[in-house]
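Working notes for the structure below.
The values are calculated or read from the model by the stated rules, or taken from the named source; none is laboratory data. This one's a predicted model, so the numbers in the text were calculated from it and none came from an experiment. Reconstructed Cβ throughout: ideal geometry from the backbone, glycine too, with neighbour counts over all protein chains shown.
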Amino acid sequence: MIVHAEDRALVGRMIAGDERAFDEFFETNFAPMFRFALRRLDGNEDAAEEVVQAALSSAVAKLKTYRGEAALMTWLFTFCRHEIAAWWRRSKREPSTALFADDLTHVEAVLDSLAMSGAESRDTSRLVQSVLDRLPRHYGDVLEWKYIEALSVNEIAARLGIGAKAAESLLTRARNAFREAFTATAEGVLS
Amino acid sequence: MNDDLRDDTVERLIKLAGPRPAIPADVAARVKANVHNQWRAEVDARSRSRFIWALPLAAAIATAIILTITNRPSAPVTPWIIARVERVSGAAPLSKGQQIAARSEVATENGRASVRLADGTSVRIDDHSRVRFLTPHRIALQAGAVYVTAAHSGIRVETPYGVVRDIGTRFEVRLTKNLARVRVRDGVVIVGTHRATRGEQLAFQSPADVVAEKVRPWGFEWNWTNDVAPDFAIEGARVSDFIVWVANESGFDVLYDSDATRQRATRTTLHGSIGKLQPDVAAKAVLPTAGLHATIDEGVLTVRQ
């Protein structure tokens, strides 16, 4: 069994009351969760806020049950899915019937084994954005900065407060992680 | 790994997808603050629990009394308390000081109540109303009416017909048989793309179907809110603060007839109690004790020496 040691350590620090661990937990997971919920709530921002807040609140109340057997983000998305379903029940409306690839168990399992997971639909843009959201911390950001904002390695380094070599290395790891996750996800969707 | 997915393909895919949608900063800040409160409460509860369990170890003597303590069942998961009942009138099935957990519903039946949210926002609930307190910044009005005095911007009142967002204000939201209506006493609220300020009302059946009208921010339509208004502690308070309270609670504009009158109100301290007097009545009763008097005409409270 893969144990997500970094995630487990982060949760351990949170259980101990470490404020910096809480900040890291929130900064890493909030935006991906919000976008995850937004896509499943027909773009309703109010609902997404409510759902993610409820999901995170439930999760922080159950941190002790997190064993690191799945990536922390995958674990959090479980709460999010539950809250999304509850929101649709409360609103007495039917959720849209779009297929979300990371709701498929086998895709989840493949991606989780890579310490990342995700992909939303056959739509490439969504797929890419979803994969970026599920990459380890900063990976998605540096890839966007590099390819969309066209920042240089030095500018990325400055933004992250690290050296140019470290930034270059981070970019390489991010690219590899994206390549691996995107391929696995696309295969999962198409299989 | 797929060897076909070269670096330039990665670049093309990411450019094609474009930037991921940004999350509004106020939403992130709000959620972070609320989740942080919940997390902190959990951490503190666990600390207390550990302390209780440590007691018998420290004592080292397993007396029957200590065994009783250690055999206590473990504490249940701490509910997320987001509000507290401040005042109750009539036969509302609530009690002063009652805690309200996130997502719980409050029904007033034949009474009224005022509730204080964790951030200081006050929510007064009219009779025969039902309100679900979702988070410290979000309530869902399911029947009846609420009057909100927001401690800061960002409070949302959800109705079956749309969401009322406030930008630092006092307002009433009321449900009728087939629409929702928000009346603004002070500040700004937003429904869909429509804004309303002091003395305006928005009636809506959906965020896209909104009708704006002028309303008086004072008068008998607002009187129910005084029924469960927070007390004003008059003892030791300055007259000017008392006048601000009267203005807030009545919806009146305040006019001093001179700078000298304003200064007198600022310098003079009050003593005693106003009991349950309505704000306009209290003003007429209290100000003469400070050498001032008040006249009220068309929503304007004029203070004279």
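Brief remarks follow.
- Exactly one residue out of B:Ile139, B:Ile100 is in a strand (DSSP E or B), within 12 Å of chain A (Cβ to nearest Cβ) and surrounded by 21 or more Cβ atoms within 10 Å (Cβ to Cβ), and it is B:Ile139.
- Total residues in the range B:198-215, condition under 21 Å from B:Phe252 (Cβ atoms) and exposed (fewer than 15 other Cβ atoms within 10 Å of the Cβ): 2
- Residue under evaluation B:Phe204, criteria (1) closer than 28 Å to B:Glu86 by Cβ; (2) among the aromatic types (Phe, Trp, Tyr); (3) assigned to a strand (DSSP E or B), criterion not met: (1)
- Note on the range A:1-94: enclosed helices (runs of 4 or more DSSP H) holding 3 or more residues that are more than 10 Å from chain B (Cβ to nearest Cβ), out of contact with any Lys or Arg (no Cβ under 9 Å at 6 or more places or on another chain) and farther than 30 Å from B:Leu141 by Cα are A:5-15.
- One residue alone among B:Ala33, B:Ala29, B:Ala22 is more than 7 Å from every other protein chain (Cβ to nearest Cβ), part of a loop (DSSP other than H, G, I, E, B) and modelled with pLDDT of 80 or more, and that residue is B:Ala22.
- Some residue of the range A:57-66 being crowded, with 17+ Cβ neighbours inside 10 Å, out of contact with any Asp or Glu (no Cβ under 9 Å at 6 or more places or on another chain), at pLDDT below 90 and of a type outside the set (D, E, K, R): yes
Condition check ((1) part of a helix (DSSP H, G or I); (2) surrounded by fewer than 19 Cβ atoms within 10 Å (Cβ to Cβ); (3) among the charged types (D, E, K, R); (4) modelled with pLDDT under 90) across all residues:
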| residue | (1), (2), (3), (4) |
| --- | --- |
| B:Pro217 | no, no, no, no |
| B:Ala229 | no, no, no, yes |
| B:Phe232 | no, no, no, yes |
| B:Phe242 | yes, no, no, no |
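- Annotation: A:Arg175 fulfils all but one of (1) surrounded by fewer than 20 Cβ atoms within 10 Å (Cβ to Cβ); (2) within 14 Å of chain B (Cβ to nearest Cβ); (3) free of Cβ contacts under 8 Å to residues at least 40 places away in the same chain; (4) out of contact with any Pro (no Cβ under 8 Å at 6 or more places or on another chain); the unmet one is (1).
- Among the residues of the range B:142-201, those identified as hydrophobic (A, V, I, L, M, F, W, C) and either in a loop (DSSP other than H, G, I, E, B) or farther than 19 Å from B:Trp222 by Cβ (or both) are B:Ala143, B:Ala150, B:Ala151, B:Ile155, B:Val163, B:Ile167, B:Leu179, B:Ile190, B:Val191.
- Within the range B:135-160, being hydroxyl-bearing (Ser, Thr, Tyr) and at pLDDT 95 or above holds for one residue alone: B:Tyr147.
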